[in-house]
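For reference, the structure discussed in these notes is given below.
The values are calculated or read from the model by the stated rules, or taken from the named source; none is laboratory data. Only a predicted model underlies this, so the values are computations on that prediction, with no experimental measurement involved. Neighbour counts run over all protein chains shown; Cβ positions are idealised from the backbone, glycine included. We work out accessible area using only protein heavy atoms, side chains counted, and drop any ligands, DNA or RNA first. Shrake-Rupley method; radii C 1.70, N 1.55, O 1.52, S 1.80 Å.
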Amino acid sequence: HLAALVLARGGSKGIPLKNIKLLAGVPLVGWVLRAAADAGVFQSIWVSTDHDEIEKVAKQFGAQVHRRSPEVSQDSSTSLEAIREFLNHHHEVDIVGNIQATSPCLHPSDLIKVADMIQKEGFDSVFSVVRRHQFRWSEVKKEENKMTEPQNLNPAKRYRRQDWPGELYENGSFYFARRQLIEKGYLQGGKMAYYEMRAEHSVDIDIDIDWPIAEQRVLSFGYFGKEPLKEVKLLVCSIDGCLTNGRIYVTEDRKEMVCYDYRDIVGIDLLKKRGIQVRLISDRDCSKTLSAMQLGCTAKVSATNKLEVLEQWQKDMGLSWKEVSYLGNEESDVECLKKAGMSGVPADACVVAQKAAGYICKSNGGCGAVREFAEHIFLLLEKVNSSRKQ
């Protein structure tokens, strides 16, 4: 029994609740849980946590939850202590694949190969490394009055990068080990091997300043699911709560008014310029509002069943679901969010809509969410184009 185990403690010295903070629209722990599930080599996938919110996110991504004890949830607690506690409660597990939540660019292909090394090649432990081309020098403290010394180079004959194989460093993405080894107090030992990961997949979230950089890396090199990404050709956007903030202002003479963010209008224009059709949908009659906005988009108002409308548009345009994107915010949008190949919600969307979406914006509805989602689409289109070139 090979079990994937992600350790996700609630406390964090660097970033509060880092393990479920959104990274490129997905909770951090969600990236590795998706990779573990799609690898198809684990008999069970677990998250060990002491926090209710992390438990909710773990279950949302299909993982089982082990509630760790306070004794192994301290700042001073080690990963080995938490893993051993997990094994004490799960006697069916023979091998643990400890996957770090902070490695969002992990791919299923790596996990499949490591599982083979343990199960078919007979290794007792396998851990991930990355190759680096960095010259090391000895550290000298100020009071020692010594000269530094080269550690892995001859200064008189410095290697060119292409002439030097570099060195292997642990990147912390995963540690696989057999139960017998862990019970003896080791994660690495016995018949031991390393697994070399690609440098671009070796992303580790440590401090807050790394977050924007990591988002760009994930969008370029992250794993987005089994099916290949396709170029988006249609964005369907819910009007109330996405294009607008959902508020309706009523004047004394009973006229309705709504407000929108000019950034969202720019976002729609940019999508059109990229050849992406934008269509709008609402379950109420807001035709006068749309007429006043002069967006020039096909729209369906008074839509009692948004999914039926979306399916009809998809068929009329001859698109696969992977070519359709949807931005919604309410329960009435949930089925559309599930169907679309790319789905998003504003930051203030209802909980059920957030759970159904693939991307959660930082912006609220009517406050730039459409523009933000458009930028997300553009980044993923770059990933599609890059894949085609490769």
If we ask which residues in the range 137-158 are open to solvent by less than 90 Å² (accessible area, probe 1.4 Å), assigned to a loop (DSSP other than H, G, I, E, B) and not aliphatic (A, V, I, L, M), their number turns out to be 4
The residue that is nearest to the chain's Cα centre (by Cα), considering only those in the range 232-260 that are in a loop (DSSP other than H, G, I, E, B) and surrounded by 17 or more Cβ atoms within 10 Å (Cβ to Cβ), is Val232
Every listed condition ((1) within 30 Å of Arg178 (Cβ to Cβ); (2) in contact with a Leu (Cβ under 9 Å, 6 or more places away or on another chain)) holds for Cys242 save (1)
Condition check for Ala36: crowded, with 19+ Cβ neighbours inside 10 Å, in contact with a Leu (Cβ under 7 Å, 6 or more places away or on another chain), among the hydrophobic types (A, V, I, L, M, F, W, C) and within 26 Å of Asn364 (Cα to Cα):
no
When the range 66-97 is checked residue by residue, the ones that are open to solvent by 30 Å² or more (accessible area, probe 1.4 Å) and under 15 Å from Ala4 (Cβ atoms) are Ser79, Glu92, Asp94
Among residues of the range 331-345 being modelled with pLDDT of 90 or more and outside any helix (DSSP H, G or I), the residue surrounded by the most Cβ atoms within 10 Å (Cβ to Cβ) is Val345
Given (1) surrounded by fewer than 17 Cβ atoms within 10 Å (Cβ to Cβ); (2) within 26 Å of Gly225 (Cα to Cα), Gln294 misses just (2)
Listed by first then second residue, the pairs whose first member lies in the range 67-82 and is closer than 13 Å to Asp50 by Cβ and in the same structural domain as Val6 (by the TED database), whose partner is in a loop (DSSP other than H, G, I, E, B) and open to solvent by less than 30 Å² (accessible area, probe 1.4 Å), with beta carbons under 7 Å and at least 6 positions apart or on separate chains, are Ala82/Arg68
Within the range 308-330, of all residues that are open to solvent by less than 40 Å² (accessible area, probe 1.4 Å) and part of a helix (DSSP H, G or I), the one farthest from Ala374 (Cα to Cα) is Val309
Checked the range 261-274 for anything touching an Asp or Glu at 6+ places or on another chain (Cβ under 9 Å) and surrounded by fewer than 20 Cβ atoms within 10 Å (Cβ to Cβ); matches are Arg263, Leu270
Filtering the range 248-285 down to residues that are without any contact (Cβ under 8 Å) to a residue 40 or more places away in the chain and among the basic types (Lys, Arg) yields Arg254, Lys255, Lys272, Lys273
Checked Gly344, Gly358 against criteria (under 23 Å from Gly267 (Cα atoms) and out of contact with any Asp or Glu (no Cβ under 9 Å at 6 or more places or on another chain)); the one match is Gly358
The residue from Gln100, Gln134 that alone is surrounded by 13 or more Cβ atoms within 10 Å (Cβ to Cβ) and out of contact with any Phe, Trp or Tyr (no Cβ under 6 Å at 6 or more places or on another chain) is Gln100
